[in-house]
1. Out of TRP160, TRP166, I need the residue that is of a type outside the set (S, T, N, Q) and in contact with a Lys or Arg (Cβ under 9 Å, 6 or more places away or on another chain). Which one?
2. Within the stretch 95-121, can you find the residues that are not hydroxyl-bearing (Ser, Thr, Tyr) and not in a helix (DSSP H, G or I)?
3. Inspect all residues belonging to the stretch 346-364 and state whether any of them is in contact (Cβ under 8 Å) with a residue 12 or more places away in the chain, in a loop (DSSP other than H, G, I, E, B) and among the acidic types (Asp, Glu).
4. Output the number of residues of the stretch 175-209 satisfying the condition of being at positive phi and either part of a helix (DSSP H, G or I) or touching a Lys or Arg at 6+ places or on another chain (Cβ under 8 Å) (or both).
5. Could you check the stretch 307-318 and list, in sequence order, the residues that are surrounded by fewer than 16 Cβ atoms within 10 Å (Cβ to Cβ) and in contact with a Phe, Trp or Tyr (Cβ under 9 Å, 6 or more places away or on another chain)?
6. What are the pairs with Cβ atoms under 8 angstrom where one residue, in the stretch 210-221, is over 18 Å from ALA150 (Cα atoms) and assigned to a helix (DSSP H, G or I) and the other, located anywhere, is at pLDDT 95 or above and of a type outside the set (Asp, Glu)? Sequence gap at least six, or different chains.
7. List the pairs whose first member sits in the stretch 141-156 and is under 16 Å from THR21 (Cβ atoms), whose second member is surrounded by 15 or more Cβ atoms within 10 Å (Cβ to Cβ) and among the aromatic types (Phe, Trp, Tyr), and whose Cβ atoms are under 7 Å apart, counting only residues at least 6 apart or on separate chains?
8. Assuming GLU306 fulfils every condition listed in (1) assigned to a helix (DSSP H, G or I); (2) under 28 Å from the mean Cα position of the chain (by Cα) apart from one, which condition is it?
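The values are calculated or read from the model by the stated rules, or taken from the named source; none is laboratory data. Only a predicted model underlies this, so the values are computations on that prediction, with no experimental measurement involved. As a convention, Cβ positions derive from the backbone with ideal geometry for all residues, glycine included, and neighbour counts pool all protein chains shown.
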Amino acid sequence: MTSNTAPQGQLAGVRIVDLTTVVMGPMATRMLADMGADVIKIETVDGDLMRHYLPHRNPLMSGITLNLDRNKRSLALDLKTEEGVNTLMELTATADVLVTNMRAAALDRLGITHERIVEARPDIVYCAAIGFDSDGPWAGRPAYDDVIQAISGLAQMAEWYHDEPWFVPSIVADKTMALHIVSAITASLFRRATTGEGDKLEIPMAETMAAYNLVEHLSGHTFEPPIGEFSYQRVQTKGRRPRPTKDGWIALLPYSDQNWRDVFAFAGTPEIADDPRFATRPERVVYADDLYGLLNEASKSHTTAEWMDFCEAHNVPASPITDLAELRDSEYFNAVGLLEDAEHPTEGAYKIVSDPIRSNHKRQGLAHHAPTLGQHNEEILEELGKKNA
């Protein structure tokens, strides 16, 4: 499909100027584009950093770019020039949202201030995704996923399992931020629809991930003075791990009292479920180390397939351990359409990672493929009345 395809989805009619780079912002704007928004990706004349990553079939069209930039239009501008900034301001005057993850100092140097943006569009929703709170002692510092995993406590949490800090092997801070950006922007658009007022959003990575980690782990320290342990004990134990089976591994998570009784009975050790330490859920959390040690032995009694059949029959939460690379050919994910085949006009056959949200029983679909760098310059400039620009 082409960039002229009529937008579909909940945000059809919303225009978003996307002044973000790398993954955090582009993932958020991709989700908004999937929902039908007209997302115009502002790029330097060299292109977004992720365009340069390998592998690719053609320069500036990496595998990450094909999925992060779908359903967007690309406008390449030199924002170090007065002409480039003026074009951005003209475009902003037509937009409902501007989202950026550039640092404030860099925006100020370019003359792209919040005041100038609001002057161009008074009711705009302005969203700044930043590393650290602008009123805090670390305001303006550079921030990437590893730095945020470290300061938010996430890297230290790995010591519970590995005896030393470790980063989660996923850019989890960037992707968690993307979800917060989407929710904040959509909430502000709803407010604007009901009041006519714009909004200035600031979403800091450090505070977002710290709050994310404290949901369950603040625990007994919620109270002043603390009345219990810090952290959620069940996930702190080293016994929280995939369970060994006769022929492999399984995620086996009996949850209810009946689940535990059924699992130990199937393993041939029903007496364990009668132990007072494991009689109720609160006790099982307190004695999680002991309980999980026994479960790791019990799981060896059957093969992975036998456990999966049993768990399905007895409504016990479970899953085989899947290699990440196997997701591409996963029977389950292919059945639900998570990965779709597509044909890009310049890059050929590729896989689309569909947005998992369903609207009226349909996944958010592909309106048009990821654009080449500056592909829509002429089209967008013509919309601004700059046909000969």
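1. TRP160
2. ALA95, ASP96, VAL97, LEU98, VAL99, ASN101, MET102, ARG103, GLY111, ILE112, ARG121, listed by residue number.
3. Yes, the stretch 346-364 contains a residue that is in contact (Cβ under 8 Å) with a residue 12 or more places away in the chain, in a loop (DSSP other than H, G, I, E, B) and among the acidic types (Asp, Glu).
4. 0
5. Listed by number, the list holds a single entry, PRO317.
6. Pairs found: none.
7. ALA143/PHE132
8. (2)
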